[in-house]
Each structure stands twice: as structure tokens, then as C-alpha cells.
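Working notes, structure below.
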Amino acid sequence: MTKLSTFLGASALALLAGGAMAQDAGPAVIFDLGGKFDKSFNESAFNGAQRWAEETGESYAEFELTAEPQREQAIRRFAEQGHSPIIMVGFMSATPLNEIAPDYPETKFVIVDAVVEQPNVRSVVFNEHEGSYLVGLMAGMASESGTVGFVGGMDIPLIRKFGCGYAQGVKAANPDATIVTNFTGTTPAAWNDPARASELTLAQISQGVDVVYAAAGGSGLGVLQTAADNDILSIGVDSNQNYLHPGEVLTSMVKRVDNAVHEAMTAGAEVEVGVQVMGVGNEGVGYALDEHNQPLVTEEIKAAVDQAAAQIASGELTVHDYMTDESCPALTF
Amino acid sequence: MDRMPRWADVILIPLISLLLAAIISAGVLLAIGQNPWEALRIMVSGSVGSTYAWGYTLYYATNFMFTGLAVAVASHARLFNIGGEGQAAIGGLGVALVALYLPWPHWSLALIGAVVASALFGAAWAAIPAVLQAKRGSHIVITTIMFNFIAAALLNYLLVGPLKPTGTMETATAPFPEATHVPSFRDMFSFGETILFRGTPANVTFFVAVALCVLVWLLIWKTRLGYEIRAFGFSEGAARYAGIGSTKIIVVTMLISGALAGMMAINNTLGEAERLILNAVEGAGFIGIAVALMGRSHPLGVFLAAILFGILYQGGSELGLMLGIPREMIVVIQALVILFTGALDNMVRMPVERLFARRRARAPLSPPGPTRHPPGRDAAPTSTTPAAE
């Protein structure tokens, strides 16, 4: 903290001089509007950063956004304080970063979940559709009723990407399966509304759903809880959530934001630029298997999902990405 | 009414309130292991200490002026417009539509177009709750809250589907064309080598907001409509007896209120983001309620309260950026200031009023009664007469 405040004077000078100052102030992380304790995406980034801090014993600067104009403010401020790399999670920072990055050619930027084509930016994107395909395949095989559910947070393109991959996996296991889709809301409150998610899950159960996939940030906890209470299976998201209800959570679609952040911080100012795609092949996404869901994942399911993962990794199997044409062959939103 | 000199009302009471808030905030900061003095310094210098700081402070203040005026106008007619959030969101839709789909030759025309579109869209969004209130007695608080959610759902649909450029993750429209970019403070006030307001979002919309403060003052206190609105607010029955139609007043007031809230979009959508972003309003509609309350629904008060809230917002950001204070704690500090300066106003006011009343009772030259004294006379030593309690 004291270290940071000594940069106050320096940054004020830099502001007055109107130029960027190259210093070695270590990495900085900018968390998105959800906050770093969102039990999901931002928290995963936070965990990666903490892991780096514990390993190296060094500290990093951080900022949690509370308003849109702060994106530019925070990026510029950290750049002027000499931080590098500056890591930001969330696709909404793409446009501001694209404008700011050329002003600080000496600084390295890392953006997670979006592509920014600038010579000093590393863009980390995840193939969520591939990971969702794998858990969808498992859901399709584990379902006895032939009806599975999907509970998304806000209806945004990213979540549709999850849902579309999931639906394709379900259809691959059982072409006649029905997929019931719901979203928890239309405002950012949707990411943290477990009660509403719980109601939606109950409604889905009444429609015959016996496996439900939650891609809804903090709201997903309500899905998992309700599924466990009603003895149906659920699927967690982003981090491994199998432990939340042992024996009731079929698996979790893990998206290793923490690894991406950790890797970038370890590389430090020398971080490689360009687009980094984290897919099934390089363990950026995948399904979680541990002692908590071991009894649920039969030999048959495991064999099928591992085979699909290998096929995706080798390029033999392509999962349709909703973002390429904004339509989904297996599901209508 | 007039129990103390005006300078005490305008300056002394807010100062004492701020001081109390600062003392408690200092306790909070100490509890989380921060240096309160350092925090105060960062908060003040970060919000008013440079043109950079003012560039952010005034940007936030501009937002709050629009929504604060919207709430203030409605409250003069005893209508509680809690739907500023939705009206501003729909105003943003209006701005986006005219900026994207009409060819503007120059920014000044685009600005006028955006003012008209955002006002019309905002007013239209307030119109249905207004008519429901006037004709059917559906409570305006309930309907405007519900319209906030309908607005959110509508924008969610549009920004995920029809208005979003294909292939992008961001829930936003395409950037507006170059010709619609209004000048920022940097463009306006930098000359030669000196660059002021560098990289800040404050823009020409600030002057639109200030002009609206004046217009609202003229409307409420200098026009017949304003008189009718206030009369209706004081007593609906008396207003009706005097021939003022309640349906007309409710609908017209809400249309003006909705238009004011909608025009906030000129600042955040046309001025700052230069594209329409999902959730661009970010709670400014609700902050407007606090701004109007603190400003006593007077345009000058709204202006000052909006600046104070702008300072709190920008100062809070600086605290987060400089000291790494968690944003939840920043909200606590902001809330303490709002609590003391706004909600707990009487807590400070009443003892101070009593103090002045006692001094006045002792003063030989001041007769009892509601006469206003110049501050100099009050401050004169008055120990000759014993106090009559």
C-alpha cells in the first residue's frame, strides 16, 4: 500500500507531463463490474493472481470497476504508474483498450474474453462452447427423462455461447432430447440472484428436467442448491463446484481464467502478445472429475466424454461456436 | 422559519455535517488499516485537485444533474418519479438511433438531434405511468419501478440482437460515426501546448445540463405551468378548486421529468461512450433521487448536490486506484457523507438553530420574531442582558 502511494507523486507528474512513464511497478489486475468475489469469472482471475502473489511473494495492484468510464481511467492510471502487464478481465473492456493501448507502446496489456488487435496486447479467449459440449454430452447420457435444463445469467452473447455448446453435446448423446432454457434476468443483478435461479430450476424440474447446467455466475449457487434439494443432477460452471453438493453435482465446466491470469503474471512484462485460445486441447476449458462426482460418472460416460475431448483436441470434431454466425443449430434462444 | 442567519444555513450546517461524516469515515479507514489523512488527501486532490480530476467529477455531476432535475420537477407536483433509470436507458436508445441511422453533417446538429431524441424517448417512457396515474390512480412509484425493468429487458433484447454488430462479444451498438462526436472538455479548453482535461469524459453536455438547471428554475418559479405544478403539489384539492386539471398536471409534469432523465443519455452515450452500452445508466437514475432530496428540489441545490456526488464518485475511484481500498468500503464512505449531509440534516440543524436562538434571546438589539438579521449583528458580543430561557 505504501509502495502504491509513493507512485502518487510520480503519476501526477506523468499526468502533467502528458506522457507515459516506463517504470517497473509490477502487474496490475482490473476486475470487471461483477467484483472480485463473484464466485465465478472475476474470482477465478483473483485466485490466479493470488496464486502468483503467494508463489513469488510479490504484490500486484488491483482495481474493481464500478462504472463504465472507469475502464479507461483505470487502464490509463495503471499504465502511467508503470505497471506491466495490465490484466483486465471482461469483454466490455475491449473497445477502451483498443483506443488506449497505442498510447502506451512500452506497456503490455492482457485482456481475457475478448480479442484486441494491438501490437502490445495479449488476448485470451476461451472455447467455452467446447467445454460446454463436453458437459452437455455427459448431461445427455446421465438424463433418464430425456429432458435437460440450462439456466443462464443475463441473456448476453457469451452465455448463449455456453448454451449452444451445451445443447450440441446433449443432442450428440441423445438426438431426441429436449433442452429447457431460462435466464435469470435482464439487469446485472441477474448474476447474483440465487433465489430467482432457484425458482427457475423448480419450474424446469416440473417440466421433467433431471440434469441442469448453470451458467449464471453467483446465481448458479441457487441452481445447484435446488437441484440437490430435489435430487436431480446439476452442472457447475467456471470453477470446480463439485464439492458444493457431493454426489449431486454431475460435473463442472471449468474455465481456467485463473491459469490464464497466473501465466500472464508469471511471464511479467515479457508476456507474449497475440491471441491465445484456451480450449479443450490446452486444458483451458474442460470438465471436472474428482472424488465428489466419481460415483456419478459411469465408465460409459467417462469413455464417451474423453473420446469427444480427444476428438475436439485433434480437430476431428468441431463444436459450432455461437459467436461465428450468432445462431445455434441445436437450440433457439 | 428564520431562526438563524443564512450563512449558517448555507455554509455552517453542511460543513459540520461533512466534518461528522469525515470523522466516522476516518474511524472506518483506521479499522481497515488505512491512513485516513492520506485517504482524505487523495479523495480531495483526486476529485478537485486538477483539471484531470474535474474532468471526471463534472462528467458524473452532469449525469446526476439530469436525473436530479427529473426527480425535482416531479416532486414539485408531489409525484415520486423513481423511473429515472429506465427513462435514461430509453433516452440512450433514442440517442443511439439518431446517431447511428441519420447522417449528421456536424456535431452541433447531432447534439441537437440527440437532445430532441433523448427527451422524446425519455418522455415517452414516462408517459404510460403518468397516464395510468392520472386516469386510473395506479401508483406512480410502482409503475415507474416496473418500467425500469421493462426498459432493461428491452435494451437487453436490442443489444444482444438487432442493434449489436455481428461477431462481437460486447453488448453494445456499433460506435457512432465520427461526425456525431461532441467536443470534450479537452477539445474545448486545451490551447496550444497546454492540454487540460486530458483523457477525461467531461464534455459539452455539462453546459446543456447547466442550461437545463436554469430552464427548470424558470419553469417552476416563473411560468404559469410551474405555478400550477406547485399548487397541485401543495394541495391537489385546492388546485382542482382553482381550476387546475389534475390529469393535465400529472401527465405534463411526468413528461418533463421523463424528458430530463432521458437527456442524461446525451452525456453518457453521445458524449462519453460514443456508442450505446447495456446498463449505461449504472444507477444514476436512483442517485438522482438523493440529489434532488439533498438539493431540496431547487435547481441550484440540485446543481450543487450533483457536484458533491460527482466529487464522491471520482474521489472514491481514486481511493480504489491509489490505495486499493475495496469498493465496498468506498461505498460505505460515500454513504456516510450522503447520510450526514442529506438524511441526517436535522440532527445538526436543530442544535445549531437552538444555539442561535439562545444567542438571539440574549442580544439586546434583536427583537424576537421572524426578522432576518445581518450576520454581523448576530456575531456582535451580547453579554449585557441575561439570557431568558
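The values are calculated or read from the model by the stated rules, or taken from the named source; none is laboratory data. Keep in mind it's a predicted model, so treat the numbers as computed, not measured. For neighbour counting, all protein chains shown are included, and Cβ atoms are generated from backbone atoms with ideal geometry for every residue, glycine included.
Below is a table of values for the structure above.
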read-out	value
Candidates A:Val110, A:Val125, A:Val121, filtered to the one that is of a type in the set (Val, Ile, Thr), more than 24 Å from B:Phe197 (Cα to Cα) and modelled with pLDDT under 95	A:Val125
Any hit, the stretch B:181-191, residues being in a loop (DSSP other than H, G, I, E, B), farther than 22 Å from B:Ala99 by Cα and either under 24 Å from the mean Cα position of the chain (by Cα) or within 14 Å of chain A (Cβ to nearest Cβ) (or both)	yes
Count - residues of the stretch A:58-117 that are part of a loop (DSSP other than H, G, I, E, B) and either of a type in the set (S, T, N, Q) or more than 17 Å from A:Glu272 (Cα to Cα) (or both)	13
Condition check for B:Met169: within 30 Å of A:Thr324 (Cβ to Cβ), free of Cβ contacts under 8 Å to residues at least 24 places away in the same chain and aliphatic (A, V, I, L, M)	yes
Scope the stretch B:152-180; condition more than 9 Å from every other protein chain (Cβ to nearest Cβ), of a type in the set (A, V, I, L, M, F, W, C) and under 27 Å from the mean Cα position of the chain (by Cα); matching residues	B:Phe176
Every residue from the stretch A:138-163 that is within 15 Å of A:Ala114 (Cα to Cα) and out of contact with any His (no Cβ under 9 Å at 6 or more places or on another chain)	A:Ile156, A:Pro157, A:Leu158, A:Ile159
Test: residue in the stretch A:71-82 that is without any contact (Cβ under 8 Å) to a residue 12 or more places away in the chain and either touching a Pro at 6+ places or on another chain (Cβ under 6 Å) or not β-branched (Val, Ile, Thr) (or both)	yes
Residues of the stretch A:29-65 classified as under 21 Å from B:Asn279 (Cβ atoms), away from chain B (no Cβ under 14 Å) and in contact with a Pro (Cβ under 9 Å, 6 or more places away or on another chain), total	0
Where a residue in the stretch B:134-158 is more than 28 Å from B:Arg240 (Cβ to Cβ) and its partner, wherever it lies, is of a type outside the set (Gly, Ala, Ser) and assigned to a helix (DSSP H, G or I), with Cβ under 6 Å and at least six apart	B:Asn148/B:Glu85; B:Ala151/B:Ile90
Per-region count, the stretch A:105-132, residues in contact (Cβ under 8 Å) with a residue 60 or more places away in the chain, closer than 18 Å to A:Gly26 by Cβ and crowded, with 23+ Cβ neighbours inside 10 Å	4
Any hit, the stretch B:64-77, residues being more than 14 Å from chain A (Cβ to nearest Cβ) and not in a helix (DSSP H, G or I)	yes
Among residues of the stretch A:77-98, those that are farther than 22 Å from A:Gly34 by Cβ and within 10 Å of chain B (Cβ to nearest Cβ), counted	2
Pairs, first within 13 Å of chain A (Cβ to nearest Cβ) and acidic (Asp, Glu) in the stretch B:260-280, second crowded, with 24+ Cβ neighbours inside 10 Å and assigned to a helix (DSSP H, G or I), C-beta under 7 Å, six or more apart	B:Glu272/B:Tyr59
Test: residue in the stretch B:115-133 that is in the same structural domain as B:Phe80 (by TED's automatic domain parsing), surrounded by fewer than 17 Cβ atoms within 10 Å (Cβ to Cβ) and farther than 20 Å from B:Val251 by Cα	no
All positions within the stretch B:300-337 that are of a type in the set (Gly, Ala, Ser), surrounded by fewer than 24 Cβ atoms within 10 Å (Cβ to Cβ) and more than 10 Å from chain A (Cβ to nearest Cβ)	B:Gly301, B:Ala335
Residue in the stretch B:208-218 that is without any contact (Cβ under 8 Å) to a residue 60 or more places away in the chain, part of a helix (DSSP H, G or I) and either within 15 Å of B:Val115 (Cα to Cα) or not assigned by TED's automatic domain parsing to the domain that holds B:Ala174 (or both) present	yes
Elements of type helices (runs of 4 or more DSSP H) contained in the stretch A:130-236, each with 2 or more residues being farther than 17 Å from A:Ser40 by Cα and among the polar types (S, T, N, Q)	A:194-206
Residues (at the interface with another protein chain (Cβ under 8 Å from one of its Cβ atoms) and at pLDDT 90 or above) located in the stretch A:66-76	A:Gln70, A:Glu72, A:Gln73, A:Ala74, A:Arg76
Selection within the stretch A:66-90 - surrounded by fewer than 22 Cβ atoms within 10 Å (Cβ to Cβ) and under 18 Å from A:Ala45 (Cβ atoms)	A:Thr66
Filter result for A:Gly236 (small (Gly, Ala, Ser) and under 19 Å from the mean Cα position of the chain (by Cα))	yes
Of all residues making up the stretch B:281-299, the number that are within 14 Å of another protein chain (Cβ to nearest Cβ), surrounded by 24 or more Cβ atoms within 10 Å (Cβ to Cβ) and assigned to a helix (DSSP H, G or I)	3
Residue within the stretch B:54-71 that is in the same structural domain as B:Thr269 (by TED's automatic domain parsing), in contact with a Lys or Arg (Cβ under 7 Å, 6 or more places away or on another chain) and not hydrophobic (A, V, I, L, M, F, W, C) present	no
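Condition check ((1) in contact with an Asp or Glu (Cβ under 9 Å, 6 or more places away or on another chain); (2) of a type in the set (A, V, I, L, M); (3) under 30 Å from B:Ala280 (Cα atoms)) across all residues:
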site: A:Pro175; (1), (2), (3): no, no, no
site: A:Phe183; (1), (2), (3): yes, no, yes
site: A:Asp210; (1), (2), (3): yes, no, no
site: A:Thr226; (1), (2), (3): yes, no, no
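So that you can scan it fast, the table gives a plain yes or no per residue for (1) in a loop (DSSP other than H, G, I, E, B); (2) touching a Ser or Thr at 6+ places or on another chain (Cβ under 9 Å); (3) outside the structural domain of A:Ile156 (by TED's automatic domain parsing):
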{"residue": "A:Gly247", "(1), (2), (3)": "yes, no, no"}
{"residue": "A:Leu289", "(1), (2), (3)": "yes, yes, no"}
{"residue": "A:Val297", "(1), (2), (3)": "yes, yes, no"}
{"residue": "A:Ala304", "(1), (2), (3)": "no, no, no"}
{"residue": "A:Ala308", "(1), (2), (3)": "no, no, no"}
{"residue": "A:Ala313", "(1), (2), (3)": "no, no, no"}
{"residue": "A:His320", "(1), (2), (3)": "yes, yes, no"}
{"residue": "A:Leu331", "(1), (2), (3)": "yes, yes, yes"}
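Conditions tested, residue by residue: (1) under 23 Å from A:Glu72 (Cα atoms); (2) hydrophobic (A, V, I, L, M, F, W, C); (3) in contact (Cβ under 8 Å) with a residue 12 or more places away in the chain.
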| site | (1), (2), (3) |
| --- | --- |
| B:Tyr60 | yes, no, yes |
| B:Leu69 | no, yes, yes |
| B:Ala74 | no, yes, yes |
| B:Ala77 | no, yes, yes |
| B:Ile82 | no, yes, yes |
| B:Gly86 | no, no, yes |
| B:Gly94 | no, no, yes |
| B:Val98 | no, yes, yes |
| B:Pro105 | no, no, yes |
